[in-house]
Amino acid sequence: MSYECEDCGASFDTLSRLRLHDCPPDQPGDASVSHDDGLSEEAPVEESNLDRQTLEQEYPEVVGDLPDRYDAACEGDVSALSRAMAEYERVLSNVARGDAPGGEDLLHDLRFAYYEPFAAGLDTAAQTDGWDVLVEFATAYDPREQDEFPEVGHVIANAIGRAVIRTRQDDSVDTIPADALAFLGAIPTYVNEFHVAYEESYTYGWGIGHPEHSVADQLLALAEDEPKFVKITLNTTFYVDQHAALDAFEDIVTDEDIVSGTRSTLGMETDLTEFYFQAVADLETAELLGPHAPPYWDEDDELARVIDVDPEVKQRIRELAHETGVAETLPSDWTLQDLETAPLSELMGQSGESPDREL
């Protein structure tokens, strides 16, 4: 398949080459607008919830060609998706830079108006044509190549996450492309925990035990700087492969640099070791969340919410709790679920608030 730039007419063999080519600026049909959007740091930002149809009616100069690409992209047409995603990135980038009117409210609305349908379209394409489709998009929009996270990265991550889970359940971890896992694992390096793509990245845990891409090593590398990502992702790994997860968990809670760190919770500092022990607290608790899955994915309902924790795994967790001192705050007959509440009980007493649950 070849890809053609609509602005300059150049043709490319891969989506990556199309996206990264140096297209001359100010081509006909460029709908970007550059002017002051009227916002300042002091100005209050009002909440906005414009749907796609309203956005396309009220901001035609901003949405550009997205309405023309929408239907075919949602149906999973790969060529249409490649053009729609390129236009979607251009639109979001223009608004994010202030080159188009609307500010943060419009950026938010645009991002979510096309998020679910484009992710579903990309997922449809992947189910029809296989992993190659997702790998090509992950390569074309690889943040490590551009040293910044693409505006459309949340859509790609969503579709990759769905495929990772399906592949893990229906086949084996070995058949998940390493490049797909690398895309998910890189997300916390480029965006903060309030970015929409950050939530998508938790699906990374489904890749634990991959022979070519070590999820465990990446979690260890990020454990000091990205504790929220590591804790939630680590929790998911236990639902997928509890023995491989245990190895990763042990490396994290016994690492000398990590055990000396803290995590800010409700304005209080929580020991990182205790924080990571909370990652195994809900494995046997049906009413809690279970393994992470991408937003908007209906098949999430079919995922098991509890697992039968291997007695040897449970015993090793208990031993680690004693070795690291975490068990000192627990009752003598403590269970895994106690790991969720016991380390934070003092914080609740001091702050008068219940801690936000992050699993």
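The values are calculated or read from the model by the stated rules, or taken from the named source; none is laboratory data. Nothing here was measured: the structure is a model prediction, and the numbers come from that model. A quick note on method: Cβ atoms are made from the backbone with ideal geometry, for glycine too, and the neighbour counts reach across all protein chains shown.
Points worth noting:
- Residue within segment 267-280 that is under 21 Å from Gln337 (Cβ atoms) and of a type in the set (Asp, Glu) present: yes
- Residues in segment 71-89 that are at negative phi and surrounded by fewer than 20 Cβ atoms within 10 Å (Cβ to Cβ): Asp71, Ala72, Glu75, Asp77, Ser79, Ala80, Glu89.
- Taking the listed residues Leu336, Leu320, Leu330, the one that is at pLDDT 90 or above and either buried (at least 18 other Cβ atoms within 10 Å of the Cβ) or over 26 Å from Glu226 (Cβ atoms) (or both) is Leu320, with no other qualifying.
- Check on Ala119, out of contact with any Lys or Arg (no Cβ under 6 Å at 6 or more places or on another chain) and of a type outside the set (D, E, K, R): yes
- Apart from one condition, Pro150 fits all of (1) assigned to a helix (DSSP H, G or I); (2) within 19 Å of Ser93 (Cβ to Cβ); the exception is (1).
- Applying the set (1) modelled with pLDDT of 50 or more; (2) outside any loop (DSSP other than H, G, I, E, B) to Cys8 leaves exactly one unmet item: (2).
- Given (1) surrounded by fewer than 21 Cβ atoms within 10 Å (Cβ to Cβ); (2) in the same structural domain as Pro311 (by TED's automatic domain parsing), index of the condition Pro294 fails: (1)
- Residue within segment 230-246 that is of a type in the set (Ser, Thr, Tyr), assigned by TED's automatic domain parsing to the domain that holds Ile176, part of a helix (DSSP H, G or I) and surrounded by 19 or more Cβ atoms within 10 Å (Cβ to Cβ) present: no
- Residue within segment 77-91 that is modelled with pLDDT of 95 or more, over 23 Å from the mean Cα position of the chain (by Cα) and not in a helix (DSSP H, G or I) present: yes
- Summed over segment 90-101, the residues that are buried (at least 23 other Cβ atoms within 10 Å of the Cβ) and not β-branched (Val, Ile, Thr) give a count of 2.
- Verdict on Ser172 being in contact with a Gly (Cβ under 8 Å, 6 or more places away or on another chain) and either assigned by TED's automatic domain parsing to the domain that holds Glu75 or buried (at least 22 other Cβ atoms within 10 Å of the Cβ) (or both): no
- Residue in segment 271-280 that is assigned to a loop (DSSP other than H, G, I, E, B) and in contact with a helix residue (DSSP H, G or I) (Cβ under 8 Å, 6 or more places away or on another chain) present: no
- Residue satisfying condition, being outside any strand (DSSP E or B), outside the structural domain of Val313 (by TED's automatic domain parsing) and of a type outside the set (Ser, Thr, Tyr), within set Glu199, Glu250: Glu199
- Check on Leu222, over 29 Å from Val135 (Cβ atoms) and either not hydroxyl-bearing (Ser, Thr, Tyr) or not assigned by TED's automatic domain parsing to the domain that holds Val135 (or both): no
- Among the residues of segment 281-310, just one is in contact (Cβ under 8 Å) with a residue 60 or more places away in the chain and outside any loop (DSSP other than H, G, I, E, B), namely Glu299.
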